[in-house]
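Here the structure is laid out as structure tokens; the discussion comes afterwards.
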Amino acid sequence: MYSIKIEANFSAAHNLRGYKGKCEDLHGHNWKVEAAVLKDKLDKTGMVLDFKCLKTKLEKVLDSLDHKYLNDDPYFKKVNPTSENIAKYIYDRLKAGGLKVKSITVWETENSAATYYK
């Protein structure tokens, strides 16, 4: 089994429903996202996937979140926009795009991250 990973960023605002504390109020983050994908066999050039291709697919997902108020997104109207749920959101969209996703890690600060994987 082979794996590659890349990092990308997006900025967005959110507030956490049902949370007692500062994060209950509207605030924003500059999120860092790490996406890792798997493949059983390498392609004819010896790659899992071209890094540029993975970055393009991830950026397409992140463009839908970038500079947005996440609570307004239909997905996050039903699901609290926590880092954990943002990681699952990105995972599901990359998987729906045909990738075998290993994990998505979402860093909301340089010291705090959440990872989703199956």
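Worth pointing out:
- Loop-located chymotrypsin sites (Phe, Trp or Tyr not before Pro) in segment 33-118 (DSSP state not H, G, I, E or B) with no more than 16 neighbouring Cβ atoms inside 10 Å: Tyr117.
- When the helices of the chain are scored as -39500 (n - 2.57) per DSSP H run of n ≥ 4 and the total is divided over every residue, the value at 222 nm lands at -8000 deg cm²/dmol.
- The amide H of Lys68, built 1.01 Å from its N in the peptide plane, has Ala13 as neighbours under 5 Å, considering only residues 5 or more places off or on other chains.
- Cα centroid separation - segment 75-118 against segment 4-46, whole Å: 6
- Applied to segment 6-12, the Karplus parametrisation 6.51 cos²θ - 1.76 cosθ + 1.60 on θ = phi - 60° returns per-residue 3J(HN,Hα) values of 9, 10, 8, 9, 8, 10, 7 Hz, with x for Gly and Pro.
- Computed E for Tyr75/Lys100 - FRET, C-beta separation, R0 25 angstrom, nearest 0.05: 0.70
- Whole-Hz ³J(HN,Hα) from phi, Karplus 6.51 cos²θ - 1.76 cosθ + 1.60, for segment 96-111, glycine and proline x: 5, x, x, 8, 8, 7, 7, 6, 10, 10, 10, 9, 8, 9, 5, 10
- Efficiency of FRET between Lys44 and Lys20 - r from beta-carbon atoms, R0 41 angstrom, step 0.05: 0.15
- Principal-axis tilt of helix 51-63 within the chain, Cα atoms, nearest 10 degrees: 20
- Charged-residue dipole, Cβ positions (Lys, Arg, Asp, Glu), segment 2-116 about Cα centre, Debye nearest 20: 440
- Using Cβ point charges alone (K and R +1, D and E -1), the dipole size of segment 1-41 about the Cα centre works out to roughly 100 debye.
Read the figures in this text as sums done on the coordinates, not as results from a lab. Just so it is clear, the model here is predicted, and its values are computed rather than measured. No Cβ is skipped: glycine too gets one built from the backbone with ideal geometry, and neighbour counts run over all protein chains shown.
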